[in-house]
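Take a look at the structure below.
What follows is calculated from the coordinates using simple rules that are stated; it is not laboratory data. Just so you know, these numbers come straight off a predicted model, no measurement behind them. Ideal geometry is used to build each Cβ from the backbone, glycine not excepted, and the neighbour counts take in all protein chains shown.
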Amino acid sequence: MYGVDLSPIMCRLARAKARQRRASVQVIRGDMRDFRLPERVDLVLCEFDALKHVPRKEDLARVAHGVSRALRPGGHFFFDVNNRLAFQKVWPGVWWIEKPGVVLVMRGGWVDRDGVRGQTDAEWFVREGNLWRRRREHIEQVAWTTAEMRRAMREAGFDRVRAFDATPFFNGDPRIEPGCRTFYLARKAG
Ligand SMILES: C[S@@+](CC[C@H](N)C(=O)[O-])C[C@H]1O[C@@H](n2cnc3c(N)ncnc32)[C@H](O)[C@@H]1O
């Protein structure tokens, strides 16, 4: 099993977690637009809208080709993305998420009004003993239509692309409305 992430800190954390759980994972610092694995694999996962962190709309084709190269024939690519509707309806609001020792406040909207990129500012409060440390993060995501997604996958050698609306997987979370988020399963031609 291999893990790929652009951030050295995320790679370090992933290695530590794998060690803790005695999971055999080789974590590679790389860019999803041009990564290479030491061998071909049966499944590539890109979850929690990681794909949408690429800076440009055209980057989708590079990711699709890279994933196709990493897969054995008949292998699958599973990923999820936020859609344009999420940037329109969900991101402009304020989100408050509270878990033991962590509070997250998010405020979002558009980077550009033509519907290509959304943005959100995340403020993290992380408990450290009796104090709370505050951290800021700015996140931008690209929006593709389902048709653009299917075209990019087919051009990269995937012969079957299935799309599932994410709403039923979020157990009635009112923030995830139909059409806002999609899971994709693409099969590389055998
Ligand atoms: C929303 S997180 C998802 C992390 C992980 N998949 C999970 O479910 O916990 C997005 C991740 O994408 C990584 N990332 C952003 N741009 C990337 C790129 N071009 N290539 C590889 N990783 C990237 C970030 O460093 C971050 O760890």
* Asked: Between segment 29-43 and segment 84-134, what is the C-alpha centre distance in whole Å?
  -> 30 Å
* Structure fact -> For segment 100-111, Karplus-derived ³J(HN,Hα) couplings (6.51, -1.76, 1.60; θ = phi - 60°; whole Hz; x for glycine and proline) come out as x, x, 9, 10, 10, 10, 10, 10, x, x, 9, 8
* Length-normalised contact order for segment 87-141 - Cα pairs under 8 Å, 6+ apart - percent -> 28 percent
* To do: Taking only Cα atoms and a 10 Å spring cutoff, compute GNM fluctuations for the chain and point out the largest among P174, P100, P38.
  => P100
* Structure fact -> Most packed first (mean Cβ within 10 Å per residue), the peptides 18-30, 2-14, 70-82, 151-163 order as 70-82, 151-163, 2-14, 18-30
* Ellipticity estimate at 222 nm from DSSP helix runs (n ≥ 4, -39,500 (n - 2.57)) divided over the chain, nearest 500 -> -6500 deg cm²/dmol
* Non-local amide H neighbours of F158 (under 5 Å, H modeled in plane, Pro and chain starts lacking H): which ones? -> A189
* To do: Just tell me which lysines come within less than 23 Å, Cα to Cα, of K188; anything on the same chain fewer than 8 places away is out.
  => K52, K57
* To do: Read phi for every residue in segment 27-35 and hand back ³J(HN,Hα) as whole Hz from Karplus 6.51 cos²θ - 1.76 cosθ + 1.60, θ = phi - 60°, with x for Gly and Pro.
  => 8, 10, 7, x, 9, 5, 7, 8, 6
* Structure fact -> Residues whose built amide H sits under 5 Å from the amide H of V111, excluding neighbours closer than 5 in sequence, are R117, G118, Q119
* Structure fact -> Given the candidates A70, M153, Y184, the one whose Cα lies deepest towards the positive end of the charge dipole of the chain, counting +1 at each Lys or Arg C-beta and -1 at each Asp or Glu C-beta, is A70
* Asked: Quick one: if you stick a label point 7 Å off each Cα along the C-beta vector at V111 and E128, how many nm between them?
  -> 2.9 nm
* Asked: For the chain, what relative contact order do you get, as a whole percent, if you take Cα pairs closer than 8 Å and at least 6 residues apart?
  -> 20 percent
* Asked: Once the Cβ-Cβ distance between R154 and I28 is put in as r, and R0 is 22 Å, what FRET efficiency do you end up with, to the nearest 0.05?
  -> 0.20
* To do: With only Lys, Arg, Asp and Glu charged, each at its Cβ (+1 for the first two, -1 for the last two), find how big the charge dipole of segment 87-141 is about the Cα centre; round to the nearest 20 debye.
  => 160 debye
* Asked: Highest mean first, what order results for 89-98, 52-61 on Cβ atoms within 10 Å?
  -> 52-61, 89-98
